[in-house]
Amino acid sequence: MTLNTPRLGYLDALRAIAVAAFLLYEIVEQAPGLIFPHPIAHRAAFAGLHGFEIFLVISGFVLAYPALAALRNEGAASLDVRLYALGRLARVIPAYYAVLAVTILLPYAAARYGLTAFGHPVALPPLRSIVTQALFTEQHFGNDAFWALAVQMRAFLVFPILFAAYVRRPIVFVAIIAVAMSADLFTTAHRFDLGALPAFMLGIVAADWRVRPPVIARGVLPLAIAFFVAAFFLDPFVSTLPGPRLMSGIENWNPLWTLGAFALVVGCGSLRWAERTLAFPGLPQLGLAAFAIALVGEPVASYVMRKATPTLGLPAAAANAFVIAVAAGIVLWLAIDRRFTDPAMCRRAIEQVGAFIRSVRGKMQLGPLTFQTPLPPVETESECAVIEMAPALTHGDVAMLIKRSGSTDDLASEIRAAAACFARRGSFDPSYFDPRRFIGVAAAGEVASDDIPAVEWRAQAEAPRTPIHFHLGPSNESG
């Protein structure tokens, strides 16, 4: 699989819509019940959290689309797991680590110099908490985007398996979706956010439907609206199921939100008027910065709401928080994230990292150590003497053979007897060497390596001479 995914503008626009809904949820969370006093409007604002399902569907779509396009058009596709892993890390890590560092250090530095503590602890967190958060585990540091990113990274981790299941065993793929949804709704596995996996997997299906659209694709956009409305009114019921009861109702994984996000992505990509509408100037461009906006949305909105509400009131403070959070996300995108959203720049960065890793590995690599086991004596038939095959002969070896045999004539006799024995057994060709020539050269005392006849061991019943290799460090072939 390559990193060259065609730029589909409607996906960027949908990212912008999803991050706007997510940011609206974060703002309402800072002042529940005050910005939207009507219960329905208030719940609708809180439902913006489910913009995350749209993000998940788009993520699965973008990862699967290049390979599915190659598979459907050329009949073959491959996934380089190492390149895939580097691509995901290069896309996520830089902006995420930058925001994580600011989240940890800024409140501490501000408190140290007598400034506002930004609503976060003024002491540095334990090193263990920092490490676990850097590895996308359960620490969130007061930022819902960190939780969402951890969920998404777990989906990235299993993507190669899910993609293989979709291509080779569709029934297994469907079974995984069904099991994940059921386990999330009815078991304690809900705490592992298994409900996010079906949305990510349906993104793979959406990509396939973009490459090879079925007839029903054009009619799914109205279904998206129906799914969203049904999900909104059924959320209270879903929150009473055994799995979601472990958490607050607004954080449950309602399968109808997932189906709505899937239908939205498929429908917008199947209708030209929908694509043209989503190409409204500024919307796709804002979607490019959606990841960066999501990362800074909650902390920035929280700070602005806390500082601006006393003087501006809640509605104006909320509007300011929304605009400032979007602006902060755009700044982060321009400073860091933009370099890793462009496929060409991302590919160059990955190639540089790969070259660095290969360089370090080459410097640390130790050559293979080879140990040869001695060849055990091979007993021939009764009329043949016991013969030991030695390694390729050298000048010293010939001298020792002559000394053992007593004379060059005795050595020649031994060689003839061995050749006759091998010939009878059918495992040696006597024409491989001329004994008289060999003894004559040896007696002259001038044996060059090129003059030593090659002896080929082709016995079938005997154990072969097999060297045992012990490799320290990776071999050149595996690199």
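Structure values in brief
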| item | result |
| --- | --- |
| Test set (1) crowded, with 20+ Cβ neighbours inside 10 Å; (2) modelled with pLDDT under 95; (3) of a type in the set (A, V, I, L, M) - Val215 fails condition number | (1) |
| Scan of the range 228-244 for residues that are in a helix (DSSP H, G or I) and not β-branched (Val, Ile, Thr), ordered by number | Phe228, Ala230, Ala231, Phe232, Phe233, Leu234, Asp235, Pro236, Phe237, Pro244 |
| Matching option when the condition is over 32 Å from the mean Cα position of the chain (by Cα), acidic (Asp, Glu) and at pLDDT below 90, among Glu351, Glu379 | Glu379 |
| Residue in the range 85-106 that is more than 21 Å from Ala196 (Cβ to Cβ), at pLDDT 90 or above and small (Gly, Ala, Ser) present | yes |
| From the options Asp184, Asp193, Asp235, residue that is touching a Phe, Trp or Tyr at 6+ places or on another chain (Cβ under 6 Å) and among the acidic types (Asp, Glu) | Asp184 |
| Residues that are closer than 28 Å to Ala85 by Cβ and either modelled with pLDDT under 90 or outside the structural domain of Ala145 (by TED's automatic domain parsing) (or both), drawn from the range 305-348 | Asp337, Arg338, Arg339, Phe340, Thr341, Asp342, Pro343, Ala344, Met345, Cys346, Arg347, Arg348 |
| Matching option when the condition is within 23 Å of the chain's Cα centre (by Cα), of a type in the set (Val, Ile, Thr) and in a helix (DSSP H, G or I), among Ile225, Ile216, Ile171, Ile204 | Ile204 |
| Test for Pro242: is it under 30 Å from Gly269 (Cα atoms), surrounded by fewer than 17 Cβ atoms within 10 Å (Cβ to Cβ) and touching a helix residue (DSSP H, G or I) at 6+ places or on another chain (Cβ under 8 Å) | no |
| Some residue of the range 191-199 being touching a helix residue (DSSP H, G or I) at 6+ places or on another chain (Cβ under 9 Å), of a type in the set (Asp, Glu) and over 24 Å from Pro284 (Cβ atoms) | yes |
| Val57 within 25 Å of Pro198 (Cβ to Cβ), in contact with a Gly (Cβ under 9 Å, 6 or more places away or on another chain) and crowded, with 19+ Cβ neighbours inside 10 Å | yes |
| Test result for Phe146, aromatic (Phe, Trp, Tyr), in a helix (DSSP H, G or I) and either assigned by TED's automatic domain parsing to the domain that holds Leu71 or without any contact (Cβ under 8 Å) to a residue 12 or more places away in the chain (or both) | yes |
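The values are calculated or read from the model by the stated rules, or taken from the named source; none is laboratory data. What you see is a predicted model; the values in this text were computed from it and never measured. Neighbour counts are summed over all protein chains in view; Cβ atoms, including those assigned to glycine, are modelled from backbone coordinates with ideal geometry.
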